[in-house]
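This report refers to the structure that appears directly beneath it.
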Amino acid sequence: MSAYRITGETGEWEVIVGLEVHAQIVSQSKLFSGASAEYGGEPNTHVSLVDAGFPGMLPVLNRECVAQAVRTGLGLRAQINLFSRFDRKNYFYADLPTGYQISQFEHPIVGKGTVEIELSDGEIRHIGVTRMHMEQDAGKSIHDQDPTRSFIDLNRAGVALMEIVSEPDIRSPEEAGAYLRKLRQILRYLGTCDGNMEEGSMRADVNVSVRREGEEGYRTRCEIKNVNSVRFVMQAIEVEAQRQVDIWESGGEIDQETRLFDHVKSETRSLRTKEDAHDYRYFPEPDLLPLVIEQSWVDELKAALPELPEDKRARLEKEYGVSRYESGVLTAEQSVADFYETVARGADARLATNWILGDFFAALNRTGRSIEDSPVSAEALRELLSLISDSTINGKIAKEVFEDMVETGEKPSVIVDRKGLRQVTDTGAIEAAISDILAANADKVEEYRSGKDKLFGFFVGQTMKAMKGKANPAMVNELLKRLLAS
Amino acid sequence: MSLDAKTVAKMARLARVGLSDEQVHTYQKEMQGIIGWVDQLNEVDVTDVPPMIGTGLAQPRLRDDQVTDGNCRDEVLSNAPDREGPFYTVPKVVE
Amino acid sequence: MMSSIFDHTLASAREALRSRKISAVELVDAHIDAIERLDDGLNSFITRTPEQARLAAKEADALLAKGEGGSLCGLPIGIKDLFATEGVRTTAASKILGNFVPPYESTVTANLKRDGAISLGKLNLDEFAMGSTNLTSAFGGVENPWKRRDSDAKLVPGGSSGGSAAAVAAGLVLGATGTDTGGSIRQPAAFCGIAGIKPTYGRCSRFGTIAFASSLDQAGPMARTLQDCAILLESMAGFDPKDSTSVNRPVPHYEAALGRGVKGLKVGIPKEYRIDGLPAEIEAIWQQGINWLKEAGAEVVDISLPHTKYGLPAYYIAALAEASSNLARYDGVRFGERVSGASLDALYEATRAAGFGDEVKRRILLGTYVLSSGYYDAYYLRAQKVRTLLQRDFLKAYETVDVILAPTAPSGAFAWDEKPTDPVQVYLNDVFTVPASMAGVPALSVPAGLDGRGVPLGLQLIGRFFDEETLLAAGSVLEQAASFTHRPTIHAGVSA
């Protein structure tokens, strides 16, 4: 594929992108307190005195959050650090009750890993993961309720996050999008993050720099904070890279700074920070011990890990003979893959693939339902396919039955019986129908016999019509050939 | 190491303790003295000595993932100097 | 001298209550009365809670009458105002906490309550436990009930648990809680002629205790005798799942260790504690302690704790760094005193400028500095490495000795106006107590005698991790040998 380049006045520029993705860990309670981690809730109800930073309150680490971080690390095929540690990141802000965030700065729980992405032309690229660590989320400041005051809701304060830091390996908006979607897919497969960007359970800080084609090393980068959709990340990279190219080409310099992406104006702008703004004064969190985990526990978690998207894809291709494209669609969500396998296992796999990617998806789209609340269960669909395979019904009737299933939710066999759609395989009945048709269309029979082969389709159609669509198509073909030849 | 007034003022801003210029001056002298005194630690050979992190006595302990706390808004807000309905308040933050 | 209710130790009062020689109401009323008589002057209490105490005393009597009640049932104590007490104002002796009323109880005070102890109120301390004179309290300094024979000058009670020490010494309570970060139980205990124990780090839960330096803070008992301390510690100590640094070990019956004696025990005398300019009286009391232990059958061994000298500077770096972070939460948003400002930062600065005293600000600034970019390695990291060396010093010493004997403080109590103006000189008060804090090992102080001007001096014993029992055994020998029966000038049992 041709590389992504920005064409400036003076030549071609390459884009260098690294992403820091904050993903909320799926857990019942917060990272260091027993308050609910659930999204939403009345203001300041999912808050304990620990989260509100009351004097003398102490953090106690949530085992499941650690397990989730380990699972995620394993899913990223990354190094799991048996020794990790929490540090305090000190800064004052209204939504940070203790005046410090507890985060793993120096010793993260997960080290180097990789994420494999596939681009639209099928090219595979590997994006390095530098590290992943656990940290606390902050609360929320609400600015639009009062003319002079901001209101503080601490429901989010202390919720567990994973920060997944990529290497600066990303070279285009498309790659950034593919990386984010892939990461999201892996996290959802693992059940470690729900990937819901609207609710903020995944958001990205985007580091962007540019360099001339062929140039070595990196130029100054800017960090675009808190971008909350894949599309915006891609747009932000595009406009930020262009901005930087314009500055470099006009002889300017890029300041290393934090910027915000405004998707309405489609521009990034500087988050002006005060002089000597940040000095986080990291130091080991003295209220917690270093986190030491056992290899045996990691092994246990690994053994219980669900199949990852890449593995599942390869397996589907092998076991069910689906194409690379089809396996991609079928594994996009774990629920789709599960549905597919329930149908395809023990059925005609090709038939299952075609039906799911065709009529089934179309029905979901049409009814606006998701696979989780599909009007047709995987078991029902499998039964339908087996009715086709064992010649109880033919493919055309199957479509009619399927539409009925979508509408009524009834089992296919029930519908077939109710409507009397069982396929006719009685040679005598089909022969009788054919004889009638041949007699009524003697002229066409003559034409056919004198070489107009195309008329065969006409006879098939007439026969099926006479049989109300229920005749076995193969038998119709065979009998027609024989009778027309005689 | 020398600790000048500018550094003290910077620390005061980082720590949000709001010092007047005069106080900066006073603290600078005292802090300079204390830092001069702690600089004797440079005499200690700490080659290959790991930093002490925790006393190494307690066993690492992890909590079960259960909701056991929260839902105590009245307590959470009980001491708030300025509260508005279910919220804490601060002067408007402009981003 | 006529025997009075104020002659009781915690242990003897416990017996008198159980045998119904006195009632809890009588005992509590007498102490409330003593507080009213004496504490306007001493200023050892920040908040008095007589009504709650009287109610609790009635309940205690009902239980005692049935032969029930916990190990501390009906015994009046005081709580250092660093422990959060549910429904009772908790200040840390700082303006910034204003009228903070915690909706929760610290684990240590909850344990004492569970066992029936009755709190008479919250005791004064150095602001946020930062000091060794109790003069940095926003609620005024505490007067040591002891006076020099030759002067009426107000003496400091030591700190930071100065209110606790003074209240116990003056007979206003039978025992008190303290906290010790670098000597804050032991040094005021020595200054006020009482006993105090800083247990092993992790022995008492820190949950609900306002933090000064998390890796050093440890709660402990203060009382007239080691037996009283043992009784209190048994109640205060124990594993707490809410404190990740709490250690899960059974709590021994500490009282039982008191009579073990020291026969065959090896006692280490660290040569590095013989610092330049150590007053002869301190030297003498230390030698006296050595002799007492020898006479009781202990073997005394000279040992070396080579990094002692660096304990104090390393302590200040570690403690202040942690403190600067621990105190960030006092920002006028969720609790405590707020001074309004036009912007968020203006609010923070105005609130903290008005709310924190000078010493606290000084320590926050220093802590901020040693953690700041470019200095972390030079200061904080190096200090924590030195801390490892300090701990190794002790572990090595305990290969050959069971317990270490040293003075508690380099002087007896000094007058309010004798407090040095140079902060470093003030910090030197902690020179003998800080190393044990840094290492996390347990230590205690017992009153050993009076100096030439009639002011008490203490001796310190430092033990192995979780070996508070050996400390109590050895301490008890010192206590009996010293037979310290002196009373301070200001005491509840002395009629005015």
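Since every read-out is calculated from the coordinates, none of them should be taken as a lab result. Note that the structure is a prediction, hence the values are computed from the model and not measured. Quick reminder, even Gly has a Cβ in these numbers, built from the backbone with ideal geometry, and neighbours come from all protein chains shown.
Taking a ≥ b ≥ c as the square roots of the eigenvalues of the Cα gyration tensor of the stretch C:379-447, is the shape rounded (a/c under 1.5), prolate (a/b larger than b/c) or oblate? It is oblate, given that a/c is not under 1.5 and a/b is not larger than b/c. Maximal additional length on extending the A:Arg422-A:Asp121 stretch stands at 103.9 nm, based on 0.36 nm per residue less the C-alpha distance.
Between C:Glu51 and C:Glu86, the contour length at 0.36 nm per residue exceeds the Cα-Cα span by 11.1 nm. Residues C:Cys204, C:Cys229, arranged from fewest to most other Cβ atoms within 10 angstrom of their Cβ, appear as C:Cys204, C:Cys229. Applying 1/(1 + (r/R0)^6) with R0 = 45 Å to the Cβ-Cβ distance of A:Glu294 and A:Glu216 gives a FRET efficiency near 0.55. Comparing mean-square fluctuations of B:Val17, B:Val44, B:Val76 from a GNM of chain B with C-alpha springs under 10 Å, the top value falls on B:Val76. If R0 is 51 Å, the Cβ-Cβ spacing of A:Lys112 and A:Ser486 corresponds to a FRET efficiency of close to 0.10. Inter-label distance, A:Glu407 to A:Asn226: 5.1 nm, where each label sits 7 Å from its Cα along the C-beta direction. In percent, rounded to a whole number, the relative contact order of the stretch C:368-496 is 24, using alpha-carbon pairs under 8 Å and six or more apart.
Structural descriptor for chain A: relative contact order 14 percent, calculated from alpha carbon pairs under 8 angstrom and at least 6 residues apart.
Compactness of the protein assembly as shown was expressed as the Cα radius of gyration divided by 2.2 N^0.38 Å, which yields 1.23.
For A:Glu12, the residues whose modelled amide H falls within less than 5 Å of its own, excluding neighbours fewer than 5 places apart on the same chain, are A:Glu213.
Along the stretch B:3-18 the Karplus relation, 6.51 cos²θ - 1.76 cosθ + 1.60 evaluated at θ = phi - 60°, assigns HN-Hα couplings of 10, 8, 4, 5, 5, 4, 4, 5, 4, 4, 5, 4, 8, 6, 9, x Hz to successive residues, with x for each Gly and Pro. Sorted fewest first by neighbouring Cβ atoms within 10 angstrom, C:Leu444, A:Leu316 come out as A:Leu316, C:Leu444.
Listing A:Tyr218, C:Tyr427 from fewest to most neighbouring C-beta atoms within 10 Å gives A:Tyr218, C:Tyr427. Semi-axes of the equivalent ellipsoid of chain C are 30, 29, 21 Å, computed as sqrt(5λ) over the eigenvalues of the C-alpha gyration tensor in descending order.
Too long at a 19 Å Cα-Cα cut-off: which of A:Lys182/A:Lys265; A:Lys399/A:Lys465; C:Lys80/C:Lys113; C:Lys95/C:Lys122? Over 19 Å apart, Cα to Cα: A:Lys182/A:Lys265. For the stretch A:200-313, the gyration tensor built on C-alpha atoms gives a prolate shape. Its axis ratio a/c (a ≥ b ≥ c) is at least 1.5, and a/b is the larger of a/b and b/c. Using C-alpha pairs below 8 Å separated by at least 6 residues, the relative contact order for chain C is 18 percent.
Take each peptide in C:288-294, C:182-188, B:59-65, A:92-98, count the other Cβ atoms within 10 Å of every residue, and average; sorted highest first, the result is C:182-188, A:92-98, C:288-294, B:59-65. P(r) for chain A, from all Cα pairs and a bin width of 10 Å, is 4, 15, 20, 20, 15, 10, 8, 6, 3, 1, 0 %, short bins first.
Between rounded, prolate and oblate, where does the stretch C:379-496 land on the alpha carbon gyration tensor, with a ≥ b ≥ c its root eigenvalues, rounded for a/c under 1.5, else prolate if a/b exceeds b/c? Walk me through the numbers before you get to the answer.
On the way: a/c = 2.95, a/b = 1.33, b/c = 2.21.
Cα axes put the stretch C:379-496 in the oblate bin.
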